[in-house]
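Comments concern the structure below.
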Amino acid sequence: MSTNRQDSIERSPIPLVRDLDWHPYRIPLPASFTSAHEELATRQGFILTLQTSTGIIGFGECAPLPKFSGGTIEDAQTSFPLITPLIQGRSLASALELIYQHGATLPTSVICALETALLDALGQHYQCSLATLLALPSLTEAPTPALLQSAQARLRERVATNTVVGSQSIASTVTLALQAITNGYSCIKLKVGQDIEQAQALVMAVRCTLGPEPHLRLDANEAWDFEQARTMLTACEPYAIQYVEQPLHRTDLAGMAALRHVTSIPIAADEVLSDLTSARRVLEAQAADILVIKPQLAGGLCSSREIIRAATAAGLQCVITSTIESGIGLASSLHLAAASPEIQLECGLATLPMLADDLIQETLPIQQGFLTVPTAPGLGVHLDRVAQ
Ligand SMILES: O=C(O)CCC(=O)c1ccccc1C(=O)O
Ligand SMILES: [Mg+2]
């Protein structure tokens, strides 16, 4: 970018929020997503369109997942008319500050949508990607060219992902896992339910078929009690399990901490995480080796970044995953992953192929298990109007 253009961006005032619009969507999952919680056959949520005084359009997504945390579709809907008058007429930076300071009363998925749309617009104003904004020391001061350049230099261009195979029959799970390896994935997550004998047989069959190389992680979605978890994980010790997500109920932090002492398989916290405070409780209780962070449920991108920092300082690793939202929300999580060098494990962001429609004009292709981070200003993806 020419110096003149950059100078004029630094001098030009931050645009004001002119209008917010929430569009409901329903997207079918052709194969449905089965976990110990539910069978998700349709994804429901809202796309936020934010317009600025300078004609910039920012997009955000609110995709609640009531079985986890962060409220319901109705909770989100109730909050929309309250938000607009608070945000309208503020600068993008002051609107961001407002939601960071007072957002705690809103459903986390609503904060995530507002933050994404504001950062999308701000990135377009500064002509830098959302990931670049997240790598800056401050979001509320105009970045100098030098700051933008050093932020950009810290980003990852692509993010390694896992694929997830839902709880199906052993034969079809093995087939799907093999297919994923053929497609270039090197990390597979198996959904394992309450029947621990079936789960053990599944893990053995998948590991024996795939060989020793691919990373294999499990997700129990809170299905087990302590004894079931101990039995299951002991039986899985020979199969090189990368980690197991949420083996026990989210409230059982003491159980999770105790489980870490009876198995060598790392324990990951997922359902228990609903904001920075809940993450701090997990760290305090030494209840996990890994945190699974879903920006929709953890209060947005900056809140997720705070969680990553706290976890890293305590010696834990983190994974960013989707809630099976559309391409708008997925892109925002992808930018966060790109701006988080601490994250070395594969992220659970390979979920767009599960949806009948990703709602975006662009494609976010997965090549050899990697998602490429958009580099265009802001979010780098746009709502496909035809898809609505
Ligand atoms: O982690 C992944 O690979 C995909 C995301 C995922 O599994 C998920 C998606 C929606 C709701 C819950 C979960 C989960 O991790 O339990
Ligand atoms: Mg999980």
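Given the C-alpha atoms of segment 215-268, compute the convex hull and give its volume per residue in Å³.
60 Å³
Kirkwood-based Rg over Rh for the chain (C-alpha set), two decimals?
Rounded to two decimals, Rg over Rh is 0.98.
Going highest first, how would you order 207-218, 181-192 by mean Cβ packing within 10 Å?
Highest-to-lowest ranking by the protection proxy: 181-192, 207-218.
Between segment 211-258 and segment 6-80, what's the alpha-carbon centroid distance in Å?
Computed from Cα coordinates, the inter-centre distance equals 32 Å.
In deg cm²/dmol and to the nearest 500, what is the mean residue ellipticity at 222 nm of the chain if only DSSP H runs of at least 4 residues count, each as -39500 (n - 2.57), divided by the residue total?
It comes out at -12000 deg cm²/dmol, rounded to the nearest 500.
Pairs of alpha-carbon atoms within less than 8 angstrom and 6+ residues apart define the contacts here; what relative contact order does the chain have, in percent?
Over the chain, the number comes to 19 percent.
Can you list, bin by bin at 10 Å, the percent of alpha carbon pairs in segment 3-127, starting at 0?
13, 40, 27, 15, 5, 1
Give me the extension gain from E39 to R260: residue separation times 0.36 nm, minus the current Cα-Cα distance, reported in nm with one decimal.
Stretched out fully, the E39 to R260 stretch lengthens by 76.6 nm.
If the only charges are +1 at each Lys and Arg Cβ and -1 at each Asp and Glu Cβ, what is the size of the charge dipole of the chain around the Cα centre, to the nearest 20 debye?
580 debye
So for the chain: antiparallel DSSP bridges make up what percent, rounded to the nearest 5?
Bridges in the chain that DSSP calls antiparallel: roughly 55 percent.
Any idea what diffusion coefficient segment 158-377 gets from Stokes-Einstein, in µm²/s, Kirkwood Rh on alpha carbon pairs, 37 °C, 0.692 mPa s?
Diffusion coefficient, whole number: 187 µm²/s.
What FRET efficiency comes out for the pair L82/E342, r = Cβ-Cβ distance, R0 = 41 Å, nearest 0.05?
0.70
Once you put a point 7 Å from the Cα of A171 and another 7 Å from the Cα of T312, both along the Cβ direction, what distance in nm separates them?
Each label point is offset 7 Å from its Cα along the Cβ direction, giving 4.7 nm.
Order these peptides, 328-341, 274-287, by their mean beta-carbon neighbour count within 10 angstrom, highest first.
328-341, 274-287
Tell me, what is a quarter of the convex hull surface for the C-alpha atoms of segment 141-276, in nm² with one decimal?
10.9 nm²
A short reminder: the numbers here are calculations on the coordinates, not readings from a lab. Only a predicted model underlies this, so the values are computations on that prediction, with no experimental measurement involved. Reconstructed Cβ throughout: ideal geometry from the backbone, glycine too, with neighbour counts over all protein chains shown.
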